[in-house]
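Read-outs: derived from the displayed coordinates by stated rules, not from any lab. The structure presented is a predicted model; accordingly, all values stated were derived computationally and were not measured. Ideal geometry is used to build each Cβ from the backbone, glycine not excepted, and the neighbour counts take in all protein chains shown.
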Amino acid sequence: LYRSEPGASLGKARLMLSIVLHPPHKKFAALAAKDAAFLRRVLRETFKAAKLPDKKYIVSIVLSDDASVRELNRTFRHKDKPTNVLSFPQFDDMKALKKAKAPVELGDIILAAETIKKEAKDQRKTFRDHTAHLLAHGLLHLVGCDHDTDKNAAQMEKMEIAVLVKLGIDNPYE
């Protein structure tokens, strides 16, 4: 465990955040060490955009590498390749999430350093900004959002853009 961030304010809601480096990666280690407050802010703005009930929430973030994410992607999604972010929600639907008693364990977000670094370079973004986007994207999946239809994708993208704009990050879809 690299860092645990208890009680980050989300308005009336509270967030317990665990950040795990597995295996350690220098890009993520630098981001987690210098910008843990920024990562909490990404989550706080994403919670606001998702309009979650005021409760205590627990989120686990694993800052990983492509090999580990590839293995998870192969095991759970039957896709034998790394991806930038994987989300493993604890709830299948928003009704169950809203009814859950606090503290509510939302699930795990796993980020792949090499993929994010390559995508950021290809898209002319900073590693930090692209990681922020994918962290917001992953958290939206944990709270029931998806991009399985054009309508849902548009709604999810709108929330992501709103979060990123509040963080001073350009629209990633332009």
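So the values come out like this:
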{"read-out": "Chain lengthening between Lys121 and Ala102 when straightened (0.36 nm per residue, less Cα-Cα)", "value": "2.9 nm"}
{"read-out": "Among 157-163, 71-77, 111-117, the order from most to least packed when residues are scored by Cβ within 10 Å on average", "value": "111-117, 157-163, 71-77"}
{"read-out": "Two-site label geometry, Asp150 and Phe76: point separation in nm, points 7 Å out along Cα→Cβ", "value": "3.0"}
{"read-out": "Centre separation in Å (Cα based) which lies between segment 111-143 and segment 38-59", "value": "17"}
{"read-out": "Charge context of Ala50, other residues only, Cβ under 13 angstrom, K/R +1, D/E -1", "value": "+2"}
{"read-out": "Burial order of peptide ranges 143-153, 98-108 (average beta-carbon count within 10 Å, highest first)", "value": "98-108, 143-153"}
{"read-out": "Sorted largest first, extent of segment 41-136 alpha carbons per principal axis (Å)", "value": "40, 29, 16"}
{"read-out": "12 Å beta-carbon shell around Lys99, net charge (K/R +1, D/E -1)", "value": "+3"}
